[in-house]
Amino acid sequence: MTRDVYQAITDQIVRQLEQGVRPWQRPWGVGHLEGRVALPRRHNGVAYRGVNVLALWMQALERGYAAPVWMTFKQAIDLGGCVRKGEKGSLTVFADKITRSGVDAETGEESVQDIHYMKGYTVFNVEQIDGLPSHYYGKVEPRAEPLPRIERAERFFAATGASIRQGGARAYYAIGEDLIQMPPFEAFRDAESYYAVLAHECTHWTRHASRLDRSFGRKRWGDEGYAMEELVAELGSAFLCADLDLVPEVRDDHASYLECWLKVLKGDKRAIFTAAGHAQRAADFLHGLQAPEAEEMAA
């Protein structure tokens with residue numbers, strides 16, 4: 001039987017949200033890589049993207065993995081390793097397209113059609129595998145306490161060119177004025193929480209018509225389009241924090257969105273894939289605004 005990969009991953013996320021857990025943030029509080037946020041990576045060091053980041057973060061959380069590296073059964077064998085007997089793999093997805101050509105029966109004209117598809121495949125964390133080269137099991141040293149200002153984050157957000165105004169007690173993006181409003185830096189419990197909120201608002205900033213032109217058909221505050229955009233901003237912030245090696249505290253102020261997100265996810269098994277895809281594009285867009293030197297320093 002063919003697995004419904006959309007439904008399988010959506011069900012995982014719904015289970016986490018029903019427990020009040022945002023799976024894109026929880027690994028920050030469970031000793032993941034000794035407290036550091038890490039994007040899950042393939043055996044060759046390439047980072048996973050989009051919904052696969054969420055899927056593997058959830059598996060790391062549920063099973064207590066500290067290592068961020070994952071590989072297929074065959075890749076483990078090719079590297080001289082062996083998946084331990086009885087270990088259960090984790091679902092990831094691969095998206096691609098096939099191109100079909102044909103001839104229109106009525107007009108005789110040739111036509112070309114791209115058919116997009118997604119299939120699931122299974123990977124294992126290196127902590128489930130014996131016999132790999134030693135560097136796959138290496139420990140990451142704990143990161144020092146953050147400074148009051150984190151220069152790599154300062155450079156990153158400054159390079160976006162977004163209009164950021166500080167003051168007041170609310171954080172939001174005003175699309176009409178095309179500006180981000182942030183409370184004063186000193187109002188946050190720590191520097192990394194400030195940058196996590198700024199990453200959230202900068203993800204909203206990318207939805208402007210002059211950038212990624214994202215709307216989800218939202219018409220009013222609190223509707224499904226609004227909830228979808230908030231989910232994209234949450235995921236975008238999570239991806240950016242991982243890219244910038246930031247470890248913010250889990251925020252409580254978005255708990256009210258959980259019910260809305262659950263409604264969206266339960267109503268559309270593809271919604272989390274859509275949200276993660278838009279969040280990845282937003283993160284990529286913001287990275288694309290960086291000078292090459294800044295990107296190298298942030299990496």
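Computed quantities for the displayed model
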item: Cut-off 13 Å, label 7 Å out along Cα→Cβ of ASP4, residues of the stretch 266-280 by amide N; result: 266-271
item: Mean-position separation - Cα centroids, the stretch 163-202 and the stretch 58-115, in angstrom; result: 38 Å
item: Residues whose placed amide H lies under 5 Å from that of ILE164, excluding near-sequence neighbours; result: ILE180
item: Dimensionless Rg/Rh of the stretch 145-299 - Kirkwood Rh, Rg from C-alpha atoms; result: 0.95
item: Length gained when the stretch ILE77-ALA291 is fully extended (0.36 nm per residue, less Cα-Cα span); result: 73.0 nm
item: Label point distance in nm, ASP213-ALA187, each placed 7 Å from Cα along Cα→Cβ; result: 3.4 nm
item: Packing-based order for 161-168, 10-17, 77-84, using average beta carbon neighbours within 10 Å, highest first; result: 10-17, 77-84, 161-168
item: Per DSSP, loop GluC sites (Glu not before Pro) in the stretch 162-252 with at most 15 further Cβ within 10 Å; result: GLU177, GLU249
item: Neighbour cut-off at most 13 other Cβ (10 Å), DSSP loop, chymotrypsin sites (Phe, Trp or Tyr not before Pro), the stretch 196-241; result: TRP221
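Every read-out reported here was derived from the displayed coordinates using simple, explicitly stated rules and does not represent laboratory data. Worth saying up front: this structure is predicted, and the values here are computed from it rather than measured. Positions of Cβ are backbone-derived with ideal geometry, glycine not excepted, and every protein chain shown enters the neighbour counts.
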